[in-house]
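Right, one structure below, let's go through it.
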Amino acid sequence: MDIDRPSDPQVSVVSSDGTMFHTTLKSILLSGTIKDMIEHIGEGGVENMGAIPLQNVDSKTLEIVIKWIEHHKDNIQPTSEEIKDKTADFIDPWDENFLEMDLDKLYNLITAANYLNIPQLLWLSTRKIAMLIKNRTPQEIRSLFNIEDDWTPQEIEAVQKENQWCEEK
Amino acid sequence: MENLPQEILIKIFDDLKINDLLSLTLVCKDFNDIISNTKQLVEKLVLRFTAQAKNHKLEATRKYTKISMRYSYCQNLLQFLEKQGEYITNIRFMFIKMELWTLKAILNFCRNLKNLTFLNFQVDITSSGVCEPLPKLKLDYLCLNCDRRVLKLLMKSSVKSLMTYSVYSDELELKLLIQFLKNQKYLEKLEFSSFRQDTRLFESDKLNEVDFRLKEFNLQSFLSFPMANFEKFLKNHSESLERVLLKQFHLPSRSHAQLHYEISELFREMKNLKKLELRAFHISDIKTFHYVEELILEEYSNIDSKIHTKFPNLKTLRLFSPLSVHESFLDFSISSIEKLEINYAKNITWIFIILNIKDTNLKYLKIRDSVMCDDTRKAIENLCNNSKNIKLEIIQTEKSNDDEIDFKFQKENSSSESSNETEEDEGEEEIEDEEESDDDELTDGTEDDELEFIFNEDVSREIENLENFLKRRRME
């Protein structure tokens, strides 16, 4: 199958709650998971291939994912290894803006990017959470992410004591 | 967030630095468990022993892999290492004095040690009992910026990458270093910084017969440059060398010219040499460097303008305080360059030539702390308009107010011989100015106080600062 053809055929995907989305082959191939599926279809498959069911992604999240892949369909995507190696990297302002969403949406996006195997999107969205954690106290982190404090005072004191050996002052 | 799968949480946490990880351990038990039990996260937690540590006992629940000791260490260090030493992969000793037997005990407990750093480490050599058994470590990296007498303990250990740097090294230390190098079989990278005369190490014919073959060789010499036999030393590794850095922080004397020529000739023949970084080094009278892909030139390193030195496969060119780069060099090398960096250039009118090349492969252009003329600015704009994928970084670069520069460039561009020579003459004057300021720096540097200052921090950073300082002085 020639996936590099200049024309960019339409492809449909269906979310877990049954909504159908139309996008292009070039965009959808950013997903490693779908790329694997399509590669196994064989000759002449793409045009006649039916809508691709995505049982783990709901329609709200799929809409967000499609917005991202369509925007980035012409960009060269870094591999997981390349992402691992990079240090302070430049973030596209479009992406920065794109990631402005509430936490629940962001969690769903992360899960979807992980399932669909879109390394760059996964990196961007997990990094977004990491940036929210950065420079916050434990209590601030708890209230921001709605996490229950299950430590007893004695237990937490022991952890604090051990942590002191590692603190960067 | 706690509902996200653990692998995702690890990914998120992995983006964070040590203090944020420590905050996370206090948020809830789950997070503490994940961080304390995930190897890649625990590896980010460095045990730091400072001056106060000697009054405290460490109670560790996590399997730490990295220790840094500055001035002192915890009361129960040896008991801790007896239990957990096998997990330790990295140790940094800084500004610490220790009896040799303590150091030996530490190294014997940490038998899986991979990275070992000594910065301003002092051994109490009066104590006895140094002999057998010596630890047999298989190190990836050894940094030895201290009294090299600690090598007595490491004679049976092997290392892949050695960095060494010493202020005062006496005959015994040099002898130990030579012996240690002769014992090495797997050494691939050697970084050597010299503040005194110890570059004579490379003049020793004892190093001509060694079992290792270097892939990377870095030599920074602040006072002396090895002369006799140095090219022989390099020649032994000419099949394997991939990266070479030669930086001299004093102006090469006339007697260096022949040596530089011989070494250049060697470089040209090295089939695996991909990266070449030179300071105060003259590549001249050479024909074509087929193999070099990355070239970094600093201060006075110059390509001879009369002879067409070519780098047909050059992908990255980084220039620091360049005097002038002749267009014949650029003509022949420029079409392959993907990444170009120009730093601290007083006059970069010649960049114009590069940017006007039509079939450029340039993907990245950085100009930093340099003076640009209008034509250059226009050329950059054009370049960006023509090719979408170019990444551009221009940092603190001023517009030239000097119209004469533009004018001179116009003349030069019409390839008139006389204007080129004017350019060169100016270059030579600059060298003389720089020689003076460099000498000042070195005279200062050899004062004990100054040296203390230099060695009191992370070495590489200091060298970088020093270089930047020199560069800034140039710029002024």
Here the whole-number average of other chain Cβ atoms within 10 Å per Cβ of A:99-112 is 1
1/(1 + (r/R0)^6) with r = Cβ-Cβ of A:Asp17 and A:Glu140, R0 = 30 Å, i.e. FRET efficiency to nearest 0.05, evaluates to 0.30
Sorted on mean Cβ neighbours within 10 Å (highest first), peptides A:66-79, A:144-157 come out as A:66-79, A:144-157
Computed from the beta carbon distance with a Förster radius of 35 Å, FRET efficiency for B:Asn313 and A:Asp36 to the nearest 0.05 stands at 0.45
For A:Glu168, the net charge from surrounding residues (Cβ-Cβ under 9 Å; K, R +1; D, E -1) works out to +2
Residue-normalised 222 nm signal for chain A, counting each DSSP H run of n ≥ 4 as -39,500 (n - 2.57), nearest 500 deg cm²/dmol, is -15500 deg cm²/dmol
B:Tyr71 and A:Met131 label points (each 7 Å along its Cα→Cβ direction) are spaced in nm at 3.8 nm
Rounded to 0.05, the calculated FRET efficiency for the beta carbons of B:Ser335 and B:Glu262 at R₀ = 22 Å is 0.15
About its Cα centre, segment A:10-148 carries a charge dipole, from +1 on Lys and Arg Cβ atoms and -1 on Asp and Glu Cβ atoms, whose size in debye to the nearest 20 is 320 debye
Over all Cα pairs of segment A:10-148, the Kirkwood radius sets Rh, and Rg/Rh then becomes 1.01
With +1 at each Lys and Arg Cβ and -1 at each Asp and Glu Cβ, the charge dipole magnitude of segment B:1-44 around its Cα centre, to the nearest 20 debye, comes out at 120 debye
For segment B:133-276, the dipole about the Cα centre with charges only on Cβ (Lys and Arg +1, Asp and Glu -1), to the nearest 20 debye, works out at 400 debye
Output field shielding_mean for A:56-69 (other chain Cβ, 10 Å radius) holds 0
Taking a crude spin-label model, label points 7 Å out from Cα along the C-beta direction, the B:Asn229 to B:Lys391 distance in nm is 4.5 nm
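No lab work stands behind these numbers, since they all come straight from the coordinates. Computed from a prediction, not measured in an experiment: that's the story for all the values here. So basically every Cβ, Gly included, is an ideal-geometry build from the backbone, and we count neighbours across all protein chains shown.
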